[in-house]
Amino acid sequence: MASSLNYSQFIWNVADVLRGTYKQHQYGDIILPFTVLYRLDAVLEPTKDAVLTAISGYDADAEVPLAMLRSRAKHEYSFYNSSKHTLSSIKGDADTLEQNLRSYINSFSPNVRDIFEKYKFEDTIAELAEHDLLFQVVQHYSKINLHPDNVSNEEMGNIFEELIRKFAEASNETAGEHFTPREVIELMVTLLLTDEEDLMRPNITRDVYDPTAGTGGMLSVADEKIKKFNDTAQVNLLGQEINPASYAICKADMVVKGQAIENIALGNTLTNPAFENRTFHYGLSNPPFGVDWKGAKATVEAEHKIAGFTGRFGAGLPRVSDGSLLFLQHLISKLREPSSGAKQGVADTGGRGAIVLNGSPLFTGGAGSGESNIRKWVLDNDYLEAIIGLPTDMFYNTGISTYIWMLNKSKKVERRNKVQLIDATEMFEKMRKSVGSKRKRLSEDHIKEIAQLFKAFESADDKRSKVFAREEFMYRTITVERPLRQNFAFTQERVEILLASRDLAKLKLDDTVASALRAALEQRVVEAGGVVETDRLEFEKQLREVFDSAGAIVKPAALKKLADELSARDETADPVVKAGKPVADSTLRDTENVPWDEDIHEYLEREVKPFVPDAWIDESKTKEGAEIPFTRHFYEYVPPRSLEEIDRDLNEVLGRIRERLEGLGK
């Protein structure tokens, strides 16, 4: 039997027929749906006659009950085709090929017809026919046998994955939008399955979920690896994808693998999540990097405000420019809680997740921001197990730094309340030929090495792996206040500021009173002779006398504001006091980030008061925060070279230049 690689190469060779008429990046839009079509035709072949007999009494466009097909036609699938034709019979008449192929496509049950609609496959058929290529393509496919007896579901899945990979590479300018590099997925799944104690139980069931499924690569790799661990495992793959073309590829891949066809949903995970009442053993996701969520804003904000922590976004909302942390919260909400679904005295462990994010979710947003609140919620609930920093230039559509967040709802005892950081940024091999922005890849040895670091945890004697108490990523932001110190004076400059102020304009003085007030103030400037007053109450009394002499009526609250217009900050003055407490000077206000395990008042005494003895903390403004400064924890200071060493090198270079010039002169 030919290998799956040989099958995929043979199928891809239909590109020889397409070349010249179609561009390379268009091949997959033809090859992938045709491959699905021929697989489904082969799968349905054994029960074809029985199904046609069973549905003979139904209208052509009626949806046939699957329960009836299963009982009458011994039909085991969740889809069917009601056409009297097969692809073999259609091929026999070139003149009616286009018409019959269209009819055959439209005879699938709605759940499969949906795949071909998203592929816009009828347009493809029409275009191939227009260029006299349809018969050649059908002839090419008729030379392979994709019947399950000849190609198992596992082999068919491998074939389709290889075709998806070829398609992604052929259209590398957009591949990263729906395609995660295979080795990155391999690493994520490997880490998910590390120390999964129950995985070897016979006939175990595992549900794997991807809320940003793309073309289904993560689901496929998870399926493959779980079955390598335990070939008796029943693996259910479920996902949701917003892009119709990627959705069609993913759904088709799941169908050819024998997965339940309803397990792949089309739609926006943030606004219209599928599988609302389900949670999963494993969650995998590579959400779009740095993409805004303006379109989902109304729905997401409503869920945040109304549902709170009973919904997905109770912890907080990030800024609208980047929805990464919304996907993180969603993924956590879909992981099983510990001991859910216990059967026969064996309790299931909590769900595990792996999500790829850029650097922004690690640190963007200060204490009290949506991003910080989300990070703190993740840490408070002890969901975060590890973060792995990947090399740059790993993805097809971006060269930025990326990180894998490992999530776990039932950590082992030794991992509880701790977070492991693994620096894998220097673990890569350069690719001979870049694909889009992807210039580096992880080798199998790199994946094994990272997995070993992850498994070793605290025992890892390696600078690339560090373990922290979760509190080390938390802090409190305190607001440090200093007293307002002012002096007051009747000077020409300050009086002009007062006369032009909004506070004075609010009194709405008539022209006569306003003129009298100006004259009284200017007279007071002369009398005061620039003398400064530091007693606020005394100065307000003097200012009251000025207003009274001009016949201007002013209330006490307004008088205080008018006095401020005649003030200046004065470090030698006594603090301004209100209700027995010093008034804070907003221009001197500062903030300090205090480590979580430190008393804020002790911090103030040690770090602030030696420099500003009159400072105090406004505890009403204290905020809790969390950030994960990944790079800082692996930064190693390299001192600059000495001046002597630099001079020596420069003199050596200059010496070589002189020798060269002298040689040219000869």
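Cross-link pairs exceeding 32 Å in C-alpha to C-alpha distance, out of K227/K251; K555/K581; K48/K120; K23/K91; K294/K411, comprise K294/K411.
With the Cα gyration tensor of segment 104-228 in hand, give its eigenvalues times 5 under a square root as the equivalent ellipsoid semi-axes, listed largest first in whole angstrom.
After diagonalising the Cα gyration tensor, the semi-axes are 33, 19, 15 Å.
Does a label point 7 Å from the Cα of K120, set along Cα-to-beta-carbon, have any residues of segment 251-281 with amide nitrogen under 16 Å, and which are they? Nothing falls inside the zone, counting backbone N under 16 Å. A crude spin-label estimate for the pair T591 and N417, with each label 7 Å from Cα along the Cβ direction, gives 2.8 nm.
Working from Cα pairs under 8 Å separated by at least six residues, relative contact order for segment 1-171 is 37 percent. Counting neighbouring Cβ atoms within 10 Å and putting the fewest first, the residues M188, M406 line up as M406, M188.
Translational diffusion of segment 490-596 was estimated from the Stokes-Einstein equation, with Rh taken as the Kirkwood radius over Cα pairs; at 25 °C and 0.890 mPa s the coefficient is 159 µm²/s. With a/c under 1.5 counting as rounded, go ahead and sort segment 263-320 into rounded, prolate or oblate using the C-alpha gyration tensor (a ≥ b ≥ c being the square roots of the eigenvalues; past the cut-off, prolate if a/b is larger than b/c, else oblate). The shape class here is oblate. Ellipsoid semi-axes for segment 1-171, based on the Cα gyration tensor and the rule √(5λ), read 27, 19, 14 Å when sorted largest first. The calculated FRET efficiency for V583 paired with E472, based on their beta-carbon distance and R0 = 45 Å, is about 0.75.
Which residues in segment 441-456 place their backbone N less than 16 Å from a point set 7 Å from the Cα of D195 along the Cα-to-Cβ direction? What the label zone holds, given the 16 Å backbone N cut-off, is 450-456. For segment 198-319, the square roots of the Cα gyration tensor eigenvalues, ordered a ≥ b ≥ c, give a/c of at least 1.5 with a/b greater than b/c, which places it in the prolate category. State the Cα centre-to-centre distance between segment 84-106 and segment 189-247 in whole Å. Spelled out, the Cα-based centre of one part sits 36 Å from the other.
Determine the gain in length on full extension of the stretch K84-H25; use 0.36 nm per residue of separation and subtract their C-alpha separation, reporting nm with one decimal. Taking 0.36 nm per residue and subtracting the Cα distance, the gain is 17.8 nm.
Ordered by the number of other Cβ atoms lying within 10 Å of each residue's own Cβ, fewest first, R201, R113 fall into the sequence R201, R113. Distance between the pseudo-spin-label points of Y635 and L499 (7 Å out from Cα toward the beta carbon): 5.5 nm. Sorting Y247, Y603 by the number of Cβ atoms found within 10 Å of their own Cβ, with the fewest placed first, yields Y603, Y247.
Extension gain, D292 to R113, is 61.2 nm, computed as 0.36 nm per intervening residue step minus the present C-alpha separation.
Computed over the chain, relative contact order equals 10 percent, with contacts defined as Cα pairs under 8 Å that lie 6+ residues apart. The structure shown yields Rg/Rh (Cα atoms, Kirkwood Rh), and of the options (i) 1.16; (ii) 0.97; (iii) 0.99 that calculated value carries the label (i). With R₀ fixed at 25 Å, the C-beta to C-beta distance from S142 to S56 puts the FRET efficiency at about 0.35. With a Förster radius of 35 Å applied to the beta-carbon distance between T299 and D49, the computed FRET efficiency rounds to 0.15. Using only Cα atoms and rounding to the nearest 10 degrees, what angle (0 to 90) does helix 244-256 make with the longest principal axis of the chain? Once rounded, one gets 40 degrees. Any chance you could give the angle, 0 to 90 degrees and rounded to 10, that helix 97-106 forms with the longest Cα principal axis of the chain? Tilt relative to the chain: about 60 degrees.
Take the Cα of K555, step 7 Å toward its Cβ, do the same at D461, and the gap between the two points is 7.7 nm. Within the straight-line cut-off of under 18 Å between alpha carbons, the aspartates and glutamates reachable from K508 are E496, D548, E565, sequence neighbours fewer than 8 places apart in one chain being disregarded.
Sorted on the mean count of surrounding Cβ atoms within 10 Å across their residues, most packed first, peptides 146-157, 248-259 read 248-259, 146-157. Each part gets one Cα centre, and for segment 23-41 versus segment 439-459 those centres are 36 Å apart. Zone of T622 (label point 7 Å along Cα→Cβ, backbone N under 18 Å): which residues in segment 566-598? Taking a point 7 Å out along Cα→Cβ of T622, the residues of segment 566-598 whose backbone N falls under 18 Å are 590-598.
None of the figures in this text is laboratory data; all of them are computed from the coordinates on show. Predicted model, so just to flag it, every value in this text is computed and none were measured. We place every Cβ from the backbone using ideal geometry, glycine too, and count neighbours over all the protein chains shown.
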